[in-house]
Amino acid sequence: MIELISVEKAFGDNHVLRGVNLSIPKGTSMVIIGGSGTGKSVLLKSVLGLVRPDAGVITLDGKDVTTGDRDAFLARFGMLFQGGALFDSLTVWQNVAFRLLRGSLKRPVAEAREIAIEKLRRVGLKPDVADRFPAELSGGMQKRVGLARAIAAEPEIIFFDEPTTGLDPIMAGVINELIREIVDEMGATAMTITHDMTSVRAIADHVAMLHDGVIQWTGPVRDLDQSGDPFVDQFISGRATGPIESVR
Amino acid sequence: MILLSPLGALGRATLQTLAAIGRVALFAFQAIGHMVRPPFYGREFALALLNIGWLSLPVVGLTAIFTGGALALQIYAGGARFNAEAVVPQIVAIGMVRELGPVLVGLMIAARVTSSIAAEIATMKVTEQIDALVTLSTNPMKYLVAPRVLAGLIVVPLLVAVGDVIGIFGGWVVATGSLGFNPATYLKNTVDFLELLDIVSSLTKGCIFGGIAALMGCYFGMNSGRGAQGVGKATKGSVEAAAVLILAANFLLTGAFFSL
């Protein structure tokens, strides 16, 4: 279980997170929604330690994430980045097997390659993609490779940062389905940030809305349309007027 | 108040400079720390050796040969003013080995390698590849910085040695081809005149300059701002800093080696 307690973060005068409280039970898929620039990425990166919060506590299974063995902590995570964040200098299979080629999870090259090709197949890519470089792939394919890399070491927790941004609606649908299937079959805990409502409905068990530095509303995805929260209502209906406009 | 304003600006600039020196020094210590502690990334180190060393050979060779040739022409013309044309081999040798070889190689590496390292790492930062490394349990200082700085320290002295030899060869070609020097005598005078200290100083400078060049590329890349503008600023800043630091270090090293 991931728990955030009164997490705050500011960049200069810009107070991005003003006391975020959120719990993500083990094995569930939490999607965090919110407008651009509301701190969704900062929140996600705070859990991973890529951003250090100014105040508050983040725990994983009851333990503060800033203490203990960092390698062992990170080994439990996989992450799909918004732009894929694939390493340009490495081939596709070397990207996917990155964790399996070095560090505590290192294994023989042939075995790592075999696992990489298996994971590529799982995300719908053929083995002939394995020896290509990321720059030779389309945006959708890069996203799939990023997804394959995120699941290569069978993590317990997977983070998805804007998984469908920049993709056409059909490819976005494919990625959403893949994410849902993979999270279900791995039994992983998932945390996704997005402002794509189609993704929310396809991926989420629970939804949390981040606005003005705090969680405005959280609940099961089935309650999203009857949340009774004016911020959530405006966001999911995509209305230009409402309480969110007043702070823009 | 009007009089105090420039003083305030001077004070702020001084503090910012001192803070920047502190950050670079801390970065350098961290890089050195990661060089000596496992895990070691052999592939990254080999690629850095290839990029900084082997692939820099053409530019280093061309720079050195033209500089050696021009040096021979200048020394011959200058020496002729007081009937000292015969010193061409000795002055070309000492000029190339003690100063021009290391400095020109250092500046060429700053232009070619520092900029490339800074742009590559800055782009990796902008596209979240550095964050991705961290989430894949890989320390970016260990994976990106330590191999490049170590490669710079090791391979640039070798480039300087090659540059020294090619520069002397450039002088030899010009001196024997158009200034009427005897080829064998020219080489004998060169070898006889050079001392061990000249060569040691040349290689030491190469080592320090290589370290500076790689370190500045990594530092500015890792601390790049956002977007294309951030990458551009990081690249420009890295080359400026590397070039100035190489020239300053050259002055200090020359003083240390030859003013004692």
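When we screen B:79, B:152, B:170 for residues that are away from chain A (no Cβ under 14 Å), at pLDDT below 95 and assigned to a helix (DSSP H, G or I), the only hit is B:79. Here residue A:94 meets each of (1) more than 17 Å from the chain's Cα centre (by Cα); (2) facing chain B (nearest Cβ under 9 Å) with one exception, condition (2). Once region B:121-149 is narrowed to residues that are outside any helix (DSSP H, G or I) and surrounded by fewer than 24 Cβ atoms within 10 Å (Cβ to Cβ), the residue that is farthest from the other protein chains (Cβ to nearest Cβ) is B:139. For region B:177-199, how many residues are among the β-branched types (Val, Ile, Thr), closer than 19 Å to residue B:64 by Cβ and surrounded by fewer than 18 Cβ atoms within 10 Å (Cβ to Cβ)? Number satisfying all stated conditions: 2. For region A:74-91, give me each residue that is over 23 Å from residue A:172 (Cα atoms) and more than 9 Å from chain B (Cβ to nearest Cβ). A:76, A:90, A:91, listed by residue number. Annotation for region A:127-148: no member residue is in a loop (DSSP other than H, G, I, E, B) and within 18 Å of the chain's Cα centre (by Cα). The residues on offer are A:178, A:137, A:167, and the sole one that is touching a Lys or Arg at 6+ places or on another chain (Cβ under 9 Å), assigned by TED's automatic domain parsing to the domain that holds residue A:113 and among the aliphatic types (A, V, I, L, M) is A:137.
Mind counting the residues in region B:230-260 that are over 30 Å from residue B:124 (Cβ atoms) and assigned to a helix (DSSP H, G or I)? Write out each step before concluding.
Within region B:230-260, the first condition is being over 30 Å from residue B:124 (Cβ atoms), and the residues that meet it are B:250-260.
With the extra rule that they be assigned to a helix (DSSP H, G or I), the set shrinks to B:250-258.
So the answer is 9.
For region B:102-120, the tally of residues that are more than 14 Å from residue B:59 (Cβ to Cβ) and more than 11 Å from chain A (Cβ to nearest Cβ) stands at 5. Among the residues of region B:88-100, the ones that are under 12 Å from residue B:179 (Cα atoms) and free of Cβ contacts under 8 Å to residues at least 40 places away in the same chain come to 0 in all.
Checked against (1) over 30 Å from residue B:95 (Cβ atoms); (2) surrounded by 10 or more Cβ atoms within 10 Å (Cβ to Cβ); (3) in contact with a helix residue (DSSP H, G or I) (Cβ under 9 Å, 6 or more places away or on another chain), residue B:9 meets all criteria but (3). Pairing residues of region A:101-129 that are on the phi < 0 side of the Ramachandran plot and within 14 Å of chain B (Cβ to nearest Cβ) with residues that are assigned to a helix (DSSP H, G or I) and acidic (Asp, Glu), at Cβ distances under 7 Å and at least 6 apart in sequence or on separate chains, gives A:104/A:71.
Among the conditions (1) touching a Lys or Arg at 6+ places or on another chain (Cβ under 8 Å); (2) away from chain B (no Cβ under 14 Å); (3) not hydroxyl-bearing (Ser, Thr, Tyr), the only one that residue A:57 does not satisfy is (1).
The values are calculated or read from the model by the stated rules, or taken from the named source; none is laboratory data. Owing to the predicted nature of the structure, the values given are computational and were not obtained by experimental measurement. Here Cβ is always computed from backbone atoms with ideal geometry, including for glycine, and neighbour counts include all displayed protein chains.
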